[in-house]
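The values are calculated or read from the model by the stated rules, or taken from the named source; none is laboratory data. Every value quoted in this text rests on a predicted model; they were computed, and no experiment measured them. Positions of Cβ are backbone-derived with ideal geometry, glycine not excepted, and every protein chain shown enters the neighbour counts.
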Amino acid sequence: MKPVSPPVRQYAIMQWLYVDFPFLQLDHFIHELAEDKHAALVVFCPVNNEILQVSGTAASAGIQRGMGLAQASALQSSIQLLPYSFESENRLLTLLASQLYQIASDIVLLAPQGLAIKLDPIIHYYQSVGNFVALFHHTLQQTGLRYHFATGPTVETAQALAKGKVDTIYETNAQAICALQSASLAVTALSEKHITQFNRMGIRSLHAVFQIPLEELGKRFDNTLISYVLALKGNKHTPRPVFHPSQRFQYQCELPFELEDSTRLLRFLTHPVEQCCAFLKSHNLTTDSLVLMLHLADSPQQQINIRSGAPLHNAQDWLSLLSLKLEQIELTSPLRGFQLCCDNTVVFHATSDHLFAERFSKHAENMLMGALLAKLGQNAVQRPKVRADHRADLQVPFSKDKEENSKAVIPQGQQPCWLISPPRPLTDSTRIIYGPERLQTGWWDNYPVKRDYFIATNAKGQRLWVFRDHDSQWFVHGYFS
């Protein structure tokens, strides 16, 4: 008898997946900026004198969220404080949403530490919730952030479950609502005033709140609370603006300590540059310039422009150019932070050809030009161009712009590779072995030329390219190799 395969377990469609990042600022600092990742670190709010986020080392010493600074210092004398910044967490949350936007479209930000993903539109694309959740975890694990998650029929339901640290993908909406019954009021978005009112009524869980008829709630509370309770039950959907990623890359960072040596900044630029290049690749873009704004302690902001020889979107290439640029920067005062921007972007066009075609890769040339521009500056680097002109002096002019060389062809003839500019008078004794070739042109552009060119040899055996002008004066214009 042929064995029957067990049925594949399928998840029912959930509406929302909520992700809570309770240690967003601290985890980002540890993962990207901290020199000692095992130090006792806490995020501290000086306004309320309250510890908001605690690292693993600090938690091992007994420090907990909600403690005051004096109590935390008594438990751990070597504690390191990070001042809490709502703006910093909001920027980090936006960056996270931009990364998740590559795998999900409908994202709602709930600043400063949470976001919700609408699952309905992407279930058919991933074929099941489980497939999407696996990719979702893989994406977030690369960030080094701690998070909690849950699903539910509304954002409010999923948010309360995630803040309760259930970390569960529920198969049905009924299971999510059932799990929410036992949750405490502390995990909800209820105000402290409302929680106090419920506690006075002897109500400390959502199960008890759900048992109260809406008419009774309306007598004691305002319409805002009633709407929120209906949303928790899954009976009301609150309209929320959907996140749309920016079309330009911008990254801002406050350094953990002041820097007096600009070259030490490269360590802190590695991750932002990698994120910038990932942004470019995801949008099929590339760029030839980055802007680095330096936030100094006692001086105005200093703007640094980094230019490459051609558009690039590889992180290692940009980091090499940044390393060269930082070597030249002299800080007028200690560096406290920076901002990295990428504004000038163009669409990336991949080039390919058949196997036996003659191909010339411009990558080495572009990297050389980028290194020269970063080291010497835009005004110190010139590029040769090609012009279809019989006058050797004008065939390869130099220019500071970055336009591609034209497809002009240099006229063929007996012409050496090494030219002397300007030509110098012929003083050596020579013997003519070829010529003459008459060149008479340029009467239309104020650079008329009338010359007879010859190939000659001198006593050293060198082959010279010489000419006689209209005044019968002889000049050397180049040497043959």
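So here's what we get for this one:
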read-out	value
Selected residue [of a type in the set (G, A, S) and over 19 Å from G130 (Cβ atoms)] from G164, G152	G164
Neighbours by Cβ (under 8 Å, 6+ apart or cross-chain): first from segment 305-317, within 13 Å of A371 (Cβ to Cβ); second in a loop (DSSP other than H, G, I, E, B)	G309/K402; A310/K362; A310/K402
So T224, is it out of contact with any strand residue (DSSP E or B) (no Cβ under 9 Å at 6 or more places or on another chain), outside the structural domain of S98 (by TED's automatic domain parsing) and of a type in the set (S, T, Y)	no
Criterion (of a type outside the set (V, I, T), surrounded by 15 or more Cβ atoms within 10 Å (Cβ to Cβ), closer than 22 Å to A162 by Cα and not assigned by TED's automatic domain parsing to the domain that holds P256) met by exactly one of Q99, Q142	Q99
Strands (runs of 3 or more DSSP E) wholly inside segment 13-60 that include at least 2 residues being free of Cβ contacts under 8 Å to residues at least 40 places away in the same chain and under 21 Å from E87 (Cα atoms)	50-54
Selection status of D298, at pLDDT below 90, touching a Pro at 6+ places or on another chain (Cβ under 8 Å) and not assigned by TED's automatic domain parsing to the domain that holds T139	yes
Check on Q71, in a loop (DSSP other than H, G, I, E, B) and farther than 19 Å from L33 by Cβ	no
Among the candidates P112, P153, residue that is under 25 Å from S88 (Cβ atoms) and in contact (Cβ under 8 Å) with a residue 60 or more places away in the chain	P112
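For (1) surrounded by fewer than 19 Cβ atoms within 10 Å (Cβ to Cβ); (2) touching a Lys or Arg at 6+ places or on another chain (Cβ under 9 Å); (3) at pLDDT 95 or above, each residue gets a yes or a no:
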site: V4; (1), (2), (3): yes, no, no
site: Y11; (1), (2), (3): yes, no, no
site: Q15; (1), (2), (3): no, yes, no
site: V19; (1), (2), (3): no, no, yes
site: V47; (1), (2), (3): yes, no, no
site: G66; (1), (2), (3): yes, no, no
site: S78; (1), (2), (3): yes, no, no
site: L81; (1), (2), (3): yes, no, no
site: L93; (1), (2), (3): no, no, yes
